[in-house]
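Chemist: Quick one: this structure, given as structure tokens, is what I'll be asking you about.
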Amino acid sequence: MAKVGEVKLIGAWPSPFVMRPRIALNLKGVEYEFLEEKFGGKSDLLLRSNPVHKKIPVLLHADRPICESLVIVQYIDKSWPSSGPSILPSDPYDRAIARFWAAYIDEKWFPSMSGIARAQGEEAKKAAIDQVAEGLSLLEDAFGKISKGKPFFGGDAIGFLDIALGCFIGWLRVTERTQGVKLLDEAKVPGLAKWAGRFCADGAVKGVMPETEKLAEFAKLIMGKFKAPPPQ
Amino acid sequence: MANPKEVELLGLWVSPFVRRVEWALKLKGIAYDYIEEDILNKSPLLLRLNPVHQKVPVLVHGGRVVSESLLILEYIDETWKQSPLLPRDPYDRAMARFWASVAEGKVLENAWIALNSEGEEKERAVQLATEALGHIEGVIKGKAFFGGEGIGYLDLAIGWVSHWLPVWDEVGSMKIFDPAKFPTTVAWAGRFVEHPVIKEKLPPRDKMVVYFRDKRSRIMASKSHV
């Protein structure tokens, strides 16, 4: 079991990517020090620990940095093997499937999510929202096949793919509110809509998933900063 | 040992992503059937097996379908335990995965953009690819290969640099793969392409030049018709 101080996580509360290792550490019952980055700047520690990307999250385990949220989650799974359930599935094929969808989420689906905020004009916004909905439809299909009737992608307990997708639920709800659309629509993606509720209620997730209200305020703050006139 | 019909690989002769899977299969001594895809005329088989991305490589093992080359490498490593590709230690594994994602996301992606663009877009892409390669230069640290004494996962992931990047540099009139800037990486590349398993599966350079030159023209032409 890690001593307090041996495990640190550099991150920020609104970031879905930071949420991933936090959920993993919670699942394993590992205590860690959360080093919160201030919005708008990057600490020396972050720049030193992640010189390539200069991004959060970064896990520091006995002072060795590990970067990239999904790499960190797999590292946590292997480093504390006897604590809590296995985060990755035990079968190599199931692992390949979980990793495939996680890669899809990061490389295709998440960029379409951020595309909504960037879209200029009604038509572009609608196209961006449709893209996100299409992706969710694919993921709904995947959920059906992978969960095989169980509550999570990982089966009875939260696993790798639950973490990879679930971290975005807060931001999905903010997008639903600000755009006036339903994305986790019970009619269109019933499996995912129910899964989202179960995920957010899980003990490993509750403390780290920010309330939609708080996230919405934060979203307004950063949008405000982007729209503000440049300083003289 | 896998029954030859039990492992199938859908591929494209010139694809570095397909090659890295073949290298892995060969290093582990796994027999497989190779099916060449015409990427401009995708087969119903490919569309059925990889509906999400419609890309090669796709590995089919006893009916199980795995796509995305780096994920296929992990699947192969976890299914056939001989000649391990990834290190055992969790931290070393994390480092191998991290550097593979840097090589893929920052070197390869930008080198490809640089190859198929011009002007400011090209310059920026060259700069980003060079910067990322600079980080990777320090990773090998005096070992023969990224995997240590022998070839491992990270060597296979970065392997395209040894044979494809010099071709892209030539076709794109650029110099990312620079021995003056990256002596360690270039030296590793020389050792990598001489390895018997790797050497056997390198597409012919002259055909590659023709292929990428043609592809570059088509991409540039489609850009100007926006």
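The values are calculated or read from the model by the stated rules, or taken from the named source; none is laboratory data. The structure presented is a predicted model; accordingly, all values stated were derived computationally and were not measured. Glycine gets a Cβ as well: all are built from the backbone with ideal geometry, and neighbour counts include every protein chain shown. Accessible surface areas use protein heavy atoms only, side chains included; no ligands, DNA or RNA. Shrake-Rupley method; radii C 1.70, N 1.55, O 1.52, S 1.80 Å.
Chemist: If the requirement is being on the phi < 0 side of the Ramachandran plot and either free of Cβ contacts under 8 Å to residues at least 40 places away in the same chain or within 9 Å of chain A (Cβ to nearest Cβ) (or both), which of these qualifies: B:L133, B:L128, B:L115?
Modeler: When all the criteria are applied, what remains is B:L128.
Chemist: Okay, next question. Hey, does the stretch B:72-84 have a residue that's of a type in the set (A, V, I, L, M, F, W, C), surrounded by 21 or more Cβ atoms within 10 Å (Cβ to Cβ) and free of Cβ contacts under 8 Å to residues at least 60 places away in the same chain?
Modeler: yes
Chemist: Here's a follow-up. Look at the stretch A:1-30 and say how many of its residues are out of contact with any strand residue (DSSP E or B) (no Cβ under 9 Å at 6 or more places or on another chain), charged (D, E, K, R) and not in a loop (DSSP other than H, G, I, E, B). Before the answer, list the steps.
Modeler: Here is the first cut: in the stretch A:1-30, the ones out of contact with any strand residue (DSSP E or B) (no Cβ under 9 Å at 6 or more places or on another chain) are A:1, A:3, A:14-16, A:20, A:23-24, A:26-29.
From the residues that got through so far, the ones that are charged (D, E, K, R) too are A:3, A:20, A:28.
Those left that are additionally not in a loop (DSSP other than H, G, I, E, B): A:20.
So the count comes out to 1.
Chemist: Quick one: which of B:E22, B:E37 is in contact with a Ser or Thr (Cβ under 7 Å, 6 or more places away or on another chain) and either within 14 Å of chain A (Cβ to nearest Cβ) or open to solvent by less than 20 Å² (accessible area, probe 1.4 Å) (or both)?
Modeler: B:E37
Chemist: Shifting gears a bit: With the stretch B:1-116 as the region, which helices (runs of 4 or more DSSP H) entirely inside it contain at least 1 residues that are touching a strand residue (DSSP E or B) at 6+ places or on another chain (Cβ under 6 Å)?
Modeler: In the stretch B:1-116, the matching helices (runs of 4 or more DSSP H) lie at B:16-27, B:44-49, B:69-79, B:90-102.
Chemist: Out of the stretch A:80-98, which residues are in a helix (DSSP H, G or I) and open to solvent by 20 Å² or more (accessible area, probe 1.4 Å)?
Modeler: A:P92, A:Y93, A:D94, A:R95, A:I97
Chemist: Continuing with this model, one more query. Here are the criteria: (1) closer than 19 Å to B:L73 by Cα; (2) among the charged types (D, E, K, R); (3) at pLDDT below 95. Tell me which single one B:K143 does not satisfy.
Modeler: Looking at each condition in turn, B:K143 falls short on (1).
Chemist: Could you pull out the residue among A:G135, A:G115, A:G166, A:G154 that is surrounded by 18 or more Cβ atoms within 10 Å (Cβ to Cβ) and more than 23 Å from A:A187 (Cβ to Cβ)? If you could, list the steps in order and put the result at the bottom.
Modeler: On the way: A:G135 fails: more than 23 Å from A:A187 (Cβ to Cβ); A:G115 fails: surrounded by 18 or more Cβ atoms within 10 Å (Cβ to Cβ); A:G166 fails: more than 23 Å from A:A187 (Cβ to Cβ).
So the residue among A:G135, A:G115, A:G166, A:G154 that is surrounded by 18 or more Cβ atoms within 10 Å (Cβ to Cβ) and more than 23 Å from A:A187 (Cβ to Cβ) is A:G154.
Chemist: Applying the selection to the stretch A:1-53, what residues are farther than 20 Å from B:Y91 by Cα and among the acidic types (D, E)?
Modeler: Of everything in the stretch A:1-53, those that are farther than 20 Å from B:Y91 by Cα and among the acidic types (D, E) turn out to be A:E36, A:E37, A:D44.
Chemist: Could you list, in sequence order, the residues of the stretch A:31-79 that are surrounded by fewer than 20 Cβ atoms within 10 Å (Cβ to Cβ), part of a loop (DSSP other than H, G, I, E, B) and either within 14 Å of chain B (Cβ to nearest Cβ) or under 17 Å from the mean Cα position of the chain (by Cα) (or both)?
Modeler: Once the filter is applied, which keeps residues that are surrounded by fewer than 20 Cβ atoms within 10 Å (Cβ to Cβ), part of a loop (DSSP other than H, G, I, E, B) and either within 14 Å of chain B (Cβ to nearest Cβ) or under 17 Å from the mean Cα position of the chain (by Cα) (or both), the stretch A:31-79 yields A:P51, A:V52, A:H53, A:K54, A:K55, A:A62, A:D63.
Chemist: Take A:A133 and tell me if it is at pLDDT 95 or above and within 11 Å of another protein chain (Cβ to nearest Cβ). Even if it seems obvious, please write down each step before you answer.
Modeler: Numbers: at pLDDT 95 or above: yes; within 11 Å of another protein chain (Cβ to nearest Cβ): no.
When the stated conditions are applied, A:A133 does not pass them.
Chemist: Could you list, in sequence order, the residues of the stretch B:117-132 that are open to solvent by 60 Å² or more (accessible area, probe 1.4 Å), touching a helix residue (DSSP H, G or I) at 6+ places or on another chain (Cβ under 9 Å) and assigned to a helix (DSSP H, G or I)?
Modeler: Listed by number, the residues that qualify are B:E121, B:E123, B:R124, B:Q127, B:E131.
Chemist: Same structure again: Taking the condition under 25 Å from B:E109 (Cβ atoms), in contact with a Phe, Trp or Tyr (Cβ under 9 Å, 6 or more places away or on another chain) and surrounded by fewer than 16 Cβ atoms within 10 Å (Cβ to Cβ), does B:V56 pass?
Modeler: No, not satisfied.
Chemist: Taking the stretch B:46-62, which residues are more than 10 Å from every other protein chain (Cβ to nearest Cβ) and without any contact (Cβ under 8 Å) to a residue 12 or more places away in the chain?
Modeler: B:L47, B:R48
Chemist: List every residue pair whose Cβ atoms lie under 7 Å apart, where the two residues are 6 or more positions apart in sequence or sit on different chains, the first residue falls within the stretch A:95-124 and is closer than 17 Å to A:P16 by Cα and at pLDDT 90 or above, and the second residue, located anywhere, is open to solvent by 40 Å² or more (accessible area, probe 1.4 Å) and among the aliphatic types (A, V, I, L, M).
Modeler: Final answer for the pair search is A:Y104/B:V52.
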